1. Has the stretch 121-134 got at least one residue that is among the small types (G, A, S), within 15 Å of the ligand (Cβ to nearest atom), within 21 Å of the chain's Cα centre (by Cα) and closer than 30 Å to P176 by Cα?
2. Within the stretch 410-425, can one find any residue that is open to solvent by less than 70 Å² (accessible area, probe 1.4 Å), outside any helix (DSSP H, G or I) and not aromatic (F, W, Y)?
3. Out of all the residues in the stretch 190-200, is one or more touching a strand residue (DSSP E or B) at 6+ places or on another chain (Cβ under 7 Å) and assigned by TED's automatic domain parsing to the domain that holds R227?
4. Please work out if V399 is farther than 14 Å from V319 by Cβ, open to solvent by 10 Å² or more (accessible area, probe 1.4 Å) and within 16 Å of the ligand (Cβ to nearest atom).
5. Could you list, in sequence order, the residues of the stretch 374-392 that are within 19 Å of D360 (Cα to Cα) and among the small types (G, A, S)?
6. Could you say which residue among V273, V307 is in a helix (DSSP H, G or I) and under 22 Å from E407 (Cα atoms)?
7. Can you tell me which residue within the stretch 382-396, out of those that are more than 16 Å from K16 (Cα to Cα) and more than 16 Å from the ligand (Cβ to nearest atom), is nearest to the chain's Cα centre (by Cα)?
8. Is it the case that the stretch 377-388 has a residue that's basic (K, R) and farther than 19 Å from V332 by Cα?
Amino acid sequence: MTLERLGKQFVMDFEKKISEETIDKINGCEYDMVWICDLGSAYMSRFVRNGVVVTDHHVPDPLWRRGQTFLDGFLSSYQMNPHLYGRSGSFEVCGAGMTYLLSKTIDPKNVDLAYLAVIGAIGDFQDDRYSRLVSYNRIILGDAEKAGDISTGYGLRYFGRETRPVLQFLQYGNEPRVEGITDDRDGCMDLLYKYDIKLTAEDGRRNTWVDLDPGDRAVLADELMSRLTNDEDRKALMGEIYTVNRYEVHSGLNDSKEFATILNSCGRYDDAVTGERICMGDVDALKDAERNRSDHRKNISASLAYVKENHLLRRLKHVQYFDAGTEIRETVVGIVAGMVLNSGEADTGMPIVAFAVADDGVKVSARASRSLTDRGLDLSQIMKDAAASVGGMGGGHSVAAGATIPEGKEESFLEEVDKLVAAQLCG
Ligand SMILES: [Mn+2]
């Protein structure tokens, strides 16, 4: 939209990650400029052409130095990344935020795009750490509020406020877990019965969380809060929630978390164009996205069951892993890894690594609990180094990262990860 408003001719392309092929494509294409969003920082030194602009929040390539003269110093490439300013890319600002900030710098009128950056931040779980958006994200939120696009509220931060039936909303709100509620259908039913909360509305439609009367919502939230034993969990359960004003309740786009999830499901099912249409305000695109979303749900629960039923989870000294082969789509294996980690069957005291076969090798996804990253674990670095040791490429975030490695290298890759985890955690 920024380029369109500038009257520039452009083509848009969606890539899941930077591969050798992507690097060749970027270096070899004939356009004057290439603007890379939410990717690219880790490979800055590999772009050998003029006019590369990167707005990203992933850990930057240490080989690339700002303002330093190289033999190829005539190349003009630009990078906007919070890490270059000593800021965090996991809770202060994300790729969508950096992209928006450039857009706003180009033309202050672009503040009407701020809400997209807020949704990007929510989709990237940037609000998880403090149960609210902070730092640059807060500035962007302010822009979106001023533009009238986002309203900030306070409440239960579980997913599915506007589309999940209340029972499922409570039962499947997996973080933080509440004793007698999370994954406990009977417990949820008892609670709803106790306060005489109707599961269905008069028109027969099942009530969602936002359909309940505010008093009922407060009582239920209190009850959940009272069952939590530590402050950390209480802080995670209740916090800020962000509503997207331009879309109606129950549309799936009114709650920022649900909006972000729809975009995610489009990306994961190779249907980024539908996500793009939604961001551009095309409401018809929602139907296509809904198909993605229900496919996504089915796929995830089948994948989780597959790992459990076949007892695929294995353990080394400092890392646990499973190999999904061709049984789980590479695009969802990361989500499944995260769910296995929190399923009670895995050890949350060590990171989890999952393998799935992809077109260009073996896709690796790694996840870790916050308590491990608080102790110094950085999966992004581990994935990058371990992948490099077997001729692959990796990167990502400290709690969630990934890599692509050549087939047959899984074992040596795992050994390397095991060593690196031990080094980071045990010094
Ligand atoms: Mn990102």
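1. yes
2. no
3. Within the stretch 190-200, the subset touching a strand residue (DSSP E or B) at 6+ places or on another chain (Cβ under 7 Å) is 199-200.
With the extra rule that they be assigned by TED's automatic domain parsing to the domain that holds R227, the set shrinks to 199-200.
Checked against the condition, which is being touching a strand residue (DSSP E or B) at 6+ places or on another chain (Cβ under 7 Å) and assigned by TED's automatic domain parsing to the domain that holds R227, the stretch 190-200 yields at least one hit.
4. yes
5. Correct list: A386, A387, A388, S389, G391, G392.
6. Only one candidate passes the filter, namely V307.
7. I382
8. yes
The values are calculated or read from the model by the stated rules, or taken from the named source; none is laboratory data. The structure displayed is predicted, hence computed values, not measured ones. Cβ sites come from the backbone with ideal geometry, for glycine too, and all protein chains shown count toward neighbours. Please note that ligands, DNA and RNA were not included when accessible areas were found on the heavy atoms of the full protein model with its side chains. Shrake-Rupley method; radii C 1.70, N 1.55, O 1.52, S 1.80 Å.
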